[in-house]
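The values are calculated or read from the model by the stated rules, or taken from the named source; none is laboratory data. The shown structure was predicted, so the numbers you read here are calculated from the model rather than taken from an experiment. Positions of Cβ are backbone-derived with ideal geometry, glycine not excepted, and every protein chain shown enters the neighbour counts. Only protein heavy atoms, including side chains, enter the accessible area calculation; ligands, DNA and RNA are left aside. Shrake-Rupley method; radii C 1.70, N 1.55, O 1.52, S 1.80 Å.
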Amino acid sequence: MNLAHHAWRALPAGPRRLALAKATSWLAPRPDRVPPPCVGGVAVAGEIGRASGLGESARLMIAALQGMGVPAVPIDLGDTLGGPRGAVAVPPDGMPLVLHANSPLLPLTLLRAPRGLARHRRVIGYWSWELPTLPPAWRAGLGFVHEIWVLSRFTADAIATLRPSVPLRVVPPPVALAPPRPSALTRADFGLPEHAVITLVSFSLASSFSRKNPLAAIAAHRAAFGDRADRVLLLKVGHADGHPGDLALLRVAAGGLGNIRFETRMFADADRHALTACADIVLSLHRSEGLGLVPAEAMLLGIPVIATRWSATTEFMDATSARLVAYRLIPAVDPRGVFEAPGAVWAEADLESAAAHLRELAGDPALRRSLGEAGRAMATARLGDDGLRAAVAALNLS
């Protein structure tokens, strides 16, 4: 067994994921070819208790449905790849099921789910992807859904390249309906200087080091401010314990400068939002985003955002509501092999553009305030529940 496991792990990530997707798609239970009419509310299934993007999207959807007066049945399936889960009850026949599990892992999710979860109901896949094209493993889930909802137009355009035979609808997470609510923690509680201009870069090392591109943020900060003590870059690094090599690269890039700080503790949501509220600027030099929850939350808190002018973040920000960084497209190469696809590209942020925006905002408190308010207004308008309301209305619930 150990030899087989080691041989499996030795395979390149792409072929390994494709093999898993194909094998589970042969074994997983399929939904009814023609679903019954939708009745009784909406069941929302996924890794609801997990700190992940799809977990957060499931929680936001449940809260929004309840706010709309639509009965929402949460179904926590735990970690798709084998994490713990509690007892799961199958919802009544006819209740539509929204599965927050991306296409390659959707068959495996159904294999691990209670028997009959996908039967006698409309099954909807809620998917997110961060590149303009898709790897072959993404075909695995197409035969298990009656329609597809996605977080952004950027993701929808990528999935459209598969030519799915089911409806495809953009349903952004209704982030603005449950805006961040910071705790009472202050800069002093986080050990941050009171009078410095603080730029926050917040990301998880579990979400692809290369895609989040924190090394560019360090380089832009150094180019903009050098070692100025009143200009602080704070890197909030999630899941650092699981990726010590990546954290070490960041520390080397910081070069021991006193105005570059690291925060690796995991916080409750309210404390995490308090940390964001302590910042003067939020910076995201991402190479690609399927949505961009950190910039969205910052905008809803009225914190001005500097972000790469590419991918899904441009769907809720523009030059009037954020500072957008120039870029060039390069081949998408992810050392972990997760965010790769034939012919895929992503953005390489222009460091001079980023540094210029940092200097401009750091030196102008009034501009930071006005840009933050413009960002709040735009994120509130574009990340509400319009998409979800339209999607639910199309289900013709009775």
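Annotations for the structure displayed:
To keep it simple, each residue is scored yes or no on (1) within 24 Å of GLU348 (Cβ to Cβ); (2) in a strand (DSSP E or B); (3) touching a residue at least 12 places away in the same chain (Cβ under 8 Å).
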site	(1), (2), (3)
LEU275	no, no, yes
VAL282	yes, yes, yes
HIS286	yes, no, yes
GLY290	yes, no, yes
PRO295	yes, no, yes
ALA298	yes, no, yes
MET317	yes, no, yes
LEU324	yes, yes, yes
ARG328	yes, yes, yes
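- Region 221-243, subset outside any strand (DSSP E or B) and modelled with pLDDT under 95, residue surrounded by the most Cβ atoms within 10 Å (Cβ to Cβ): ALA240
- Per the listing VAL170, VAL70, VAL123, the residue uniquely aliphatic (A, V, I, L, M) and closer than 30 Å to LEU329 by Cβ is VAL170.
- Any hit, region 21-38, residues being crowded, with 22+ Cβ neighbours inside 10 Å, closer than 25 Å to VAL166 by Cβ and modelled with pLDDT under 90: yes
- Residue within region 203-219 that is part of a strand (DSSP E or B) and under 19 Å from ALA296 (Cβ atoms) present: yes
- In region 365-398, residue surrounded by the most Cβ atoms within 10 Å (Cβ to Cβ) [restricted to those that are hydroxyl-bearing (Ser, Thr, Tyr) and part of a helix (DSSP H, G or I)]: THR380
- Test: ASP271 is open to solvent by less than 50 Å² (accessible area, probe 1.4 Å) and modelled with pLDDT of 95 or more: yes
- Conditions (1) over 23 Å from ASP32 (Cα atoms); (2) of a type in the set (Phe, Trp, Tyr); (3) assigned to a helix (DSSP H, G or I); number of the one not met by TRP129: (3)
- Selection within region 294-331 - open to solvent by 10 Å² or more (accessible area, probe 1.4 Å), within 21 Å of SER204 (Cβ to Cβ) and hydrophobic (A, V, I, L, M, F, W, C): VAL294, LEU300, LEU301, ILE303, TRP310
- In region 16-31, the residues that are within 21 Å of ARG115 (Cβ to Cβ) and among the β-branched types (Val, Ile, Thr) form Cβ pairs under 9 Å with partners that are at pLDDT 85 or above and open to solvent by less than 20 Å² (accessible area, probe 1.4 Å), at six or more places apart or across chains, as follows: THR24/LEU106; THR24/PRO107; THR24/THR109; THR24/LEU110; THR24/ALA140.
- Selection status of ALA184, over 17 Å from the mean Cα position of the chain (by Cα) and in a helix (DSSP H, G or I): no
- Residue ID - nearest to the chain's Cα centre (by Cα), chosen from residues in region 193-217 that are open to solvent by less than 20 Å² (accessible area, probe 1.4 Å) and under 16 Å from ASP230 (Cα atoms): LEU200
- Residue under evaluation LEU162, criteria (1) open to solvent by 20 Å² or more (accessible area, probe 1.4 Å); (2) in a loop (DSSP other than H, G, I, E, B); (3) at pLDDT below 95, criterion not met: (1)
- Within region 210-222, residues that are without any contact (Cβ under 8 Å) to a residue 24 or more places away in the chain reach no partner that is of a type in the set (A, V, I, L, M) and surrounded by 23 or more Cβ atoms within 10 Å (Cβ to Cβ) with beta carbons closer than 7 Å at six or more positions or on different chains.
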